[in-house]
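Taking it in order: structure first as structure tokens, then the write-up.
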Amino acid sequence: MQHFGVVHELYNPMPGRFKDYIALPKANMYQSLHTTLIGPKGTPFEVQLRTWDMHRIAEFGIAAHWAYKEANKNKKTTVIVEEDKLSWLRETLEWQKDMQDPQEFLNTLKTELFEDEVYVFTRNGDIKVLPKGSTPIDFAYNVHTEIGHRMTGAKINGKMMPIITKLNNGDIIEIITTDNPKGPSRDWLKFVQSSSARNKILQWFKKEDREENIEKGKEALQREIKRIGMTETDLYKQEYVNAALERYKFNNVNDMYAAVGFGTISAGKIISKLLFEYRKEHEEENIEEKIEELSEKKRFMPKNTKSGVIVKGIDNCLVKFSKCCNPVPGDEIIGYITRGRGVSIHRKDCINIKDLFQAEDRIIDVEWANNTERASYKVDIEIHSNDRDGLVADIAKEMNNEKATMLEINSKLNKERIVITNITLEVENIEELNKALKALRKIDSVYEVKRKK
């Protein structure tokens, strides 16, 4: 520090430009003191101060430094390879395992070796070293992978801030998590700076996409089985399923579901193979004739109703959808006989159900018509998110991308600086609604989306 005292006496230092990489070395073990001074003609210049050992690492890298030490061990120089020096190398090798693209690994290595860093603290005072430009997302994944996955918000120096806020040296970060995590957003990849956070987010989506495709595949097969009028009990015997797995080279049932969900193979092909195996044990049955018979039955099902709802035991009944819960096709529903206004249709999870059941004689069974005419239904949705610029615009953009008609939107900020946004959508069925809800949950800073009851 005496040397810095000399140069600071000769030239004026620039405030805030002193960096101590000796007390807090970089991840690649770079150590030095940096200061920026104002030259005689007003031109700023940087002075770096370090020992010869530090200089060797800075100029030739860690490996060259270790080799130099090893070469001089005969001169009774103690060779000490510290655990923290090796930890950075181990972490780098772990990144390489997760990356199939060599160019991507090289870019990662460049970023970690040469980019400046920011030093921030946990609420307990532990220091975290992150790449310059990092956000609370980087911080959360640095603490623990699950903390990152469960993150819903962040406090910087005790104040709620958007999770994409860039961190500054000395910031104290507190991560807010949820017990019912929705997982990271793909938009986070636009803002994270650390390679480890990026890799953890990408790994989550690889796993999440598989789970989603498995569910899609199951649903597609169930629809196909229902379409031909058979049941899963008929076709999902273990020997039939094993034959399908062997025929199409799947390791297990989930691989088969995932392939159907992803679109690699059609549900019809899988069902055809299952039917082929089924015929072997039921040669006396004419399967095609049975399927044709079921199709004929469907042709003579009840006609469309204007409302899309069938009231059991009553024809041409006046039907009205309740505004308290706004049911859409696919919801479980019940009917309530009103005075002079026909039958009011409610969702079974409506908040007013308890009151309705006090008059049990007015409850009537209703169901959605199987072949309803194309119609639209209003749905109210409540969105909770962190405060940030452009949130409403992003919501409108996502709904436009999903081709969901948005009739109304309003947003307010509560005292905890949480934004509560209410929107009204127009949808045709529960599938269209669920698709819109999923898109809303992926918007950056959004941590809860719920349908109003």
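If I ask for residues that are closer than 20 Å to residue 165 by Cα and of a type in the set (A, V, I, L, M), which ones from segment 383-406 would you list? Steps first, answer last, please.
Going residue by residue through segment 383-406, those that are closer than 20 Å to residue 165 by Cα are 384-395.
Answer for segment 383-406, where residues must be closer than 20 Å to residue 165 by Cα and of a type in the set (A, V, I, L, M): 391, 392, 393, 395.
Can you pull out the residues in segment 411-429 that are farther than 28 Å from residue 201 by Cβ and outside any strand (DSSP E or B)?
The answer is 414, 415, 428, 429.
Might you check whether a residue that is surrounded by fewer than 16 Cβ atoms within 10 Å (Cβ to Cβ), within 21 Å of the chain's Cα centre (by Cα) and either over 30 Å from residue 149 (Cα atoms) or not acidic (Asp, Glu) (or both) occurs anywhere in segment 245-263?
Yes, segment 245-263 contains a residue that is surrounded by fewer than 16 Cβ atoms within 10 Å (Cβ to Cβ), within 21 Å of the chain's Cα centre (by Cα) and either over 30 Å from residue 149 (Cα atoms) or not acidic (Asp, Glu) (or both).
Regarding residue 399, is this residue of a type in the set (A, V, I, L, M), assigned to a helix (DSSP H, G or I) and at pLDDT 80 or above?
yes
When the residues of segment 209-235 are filtered to those that are loosely packed, with under 15 Cβ neighbours inside 10 Å and acidic (Asp, Glu), which remaining residue is farthest from residue 261 (Cα to Cα)?
My answer is 232.
Report the residue count in segment 425-445 for those that are over 28 Å from residue 346 (Cβ atoms) and either free of Cβ contacts under 8 Å to residues at least 24 places away in the same chain or in contact with a strand residue (DSSP E or B) (Cβ under 8 Å, 6 or more places away or on another chain) (or both).
Number of matching residues: 2.
Of (1) at pLDDT below 85; (2) touching a helix residue (DSSP H, G or I) at 6+ places or on another chain (Cβ under 6 Å); (3) under 30 Å from residue 161 (Cβ atoms), residue 202 satisfies all except one. Which?
Residue 202 satisfies every listed condition except (2).
Of these, 432, 408, 382, which one is outside the structural domain of residue 351 (by TED's automatic domain parsing), under 23 Å from residue 212 (Cα atoms) and not in a loop (DSSP other than H, G, I, E, B)?
When all the criteria are applied, what remains is 432.
Would segment 209-218 turn up any residue that is assigned to a helix (DSSP H, G or I), farther than 26 Å from residue 165 by Cα, touching a helix residue (DSSP H, G or I) at 6+ places or on another chain (Cβ under 6 Å) and in the same structural domain as residue 267 (by TED's automatic domain parsing)?
The answer is no, given that none of the residues of segment 209-218 is assigned to a helix (DSSP H, G or I), farther than 26 Å from residue 165 by Cα, touching a helix residue (DSSP H, G or I) at 6+ places or on another chain (Cβ under 6 Å) and in the same structural domain as residue 267 (by TED's automatic domain parsing).
Quick check, is residue 202 touching an Asp or Glu at 6+ places or on another chain (Cβ under 7 Å) and not in a loop (DSSP other than H, G, I, E, B)? Write out each step before concluding.
Values: touching an Asp or Glu at 6+ places or on another chain (Cβ under 7 Å): no; not in a loop (DSSP other than H, G, I, E, B): yes.
Answer is no for this residue.
So which pairs qualify, if the first residue must be in segment 182-204 and among the charged types (D, E, K, R), the second must be surrounded by fewer than 20 Cβ atoms within 10 Å (Cβ to Cβ), the Cβ gap must be under 6 Å, and the two must be at least 6 apart or on different chains?
Here the result reads 182/441; 200/145, each pair linking segment 182-204 to a residue that is surrounded by fewer than 20 Cβ atoms within 10 Å (Cβ to Cβ).
If I filter segment 133-143 for residues that are small (Gly, Ala, Ser) and in a strand (DSSP E or B), do I get at least one hit? Show your work before the answer.
The initial filter retains those residues of segment 133-143 that are small (Gly, Ala, Ser), namely 133-134, 140.
After this cut, where a residue has to be in a strand (DSSP E or B) as well, the list is none.
Scanning segment 133-143, I find no residue that is small (Gly, Ala, Ser) and in a strand (DSSP E or B), so the answer is no.
Report, ordered by the first and then the second residue, all pairs with beta carbons closer than 9 Å, sequence separation of six or more or different chains, a first member in segment 398-424 that is surrounded by fewer than 10 Cβ atoms within 10 Å (Cβ to Cβ), and a second member that is among the hydroxyl-bearing types (Ser, Thr, Tyr) and not in a helix (DSSP H, G or I).
Sorted first by the residue in segment 398-424, then by its partner, the pairs are 412/421.
Taking the residues in segment 196-208 that are surrounded by 15 or more Cβ atoms within 10 Å (Cβ to Cβ) and of a type in the set (Lys, Arg) as candidates, determine which candidate is farthest from residue 135 (Cα to Cα).
200
Across segment 163-182, which residue is surrounded by the fewest Cβ atoms within 10 Å (Cβ to Cβ) among those that are within 23 Å of residue 450 (Cα to Cα) and at pLDDT below 90?
Result: 179.
The values are calculated or read from the model by the stated rules, or taken from the named source; none is laboratory data. From a predicted model like this one, the values you see are computed outputs, not experimental measurements. Cβ sites come from the backbone with ideal geometry, for glycine too, and all protein chains shown count toward neighbours.
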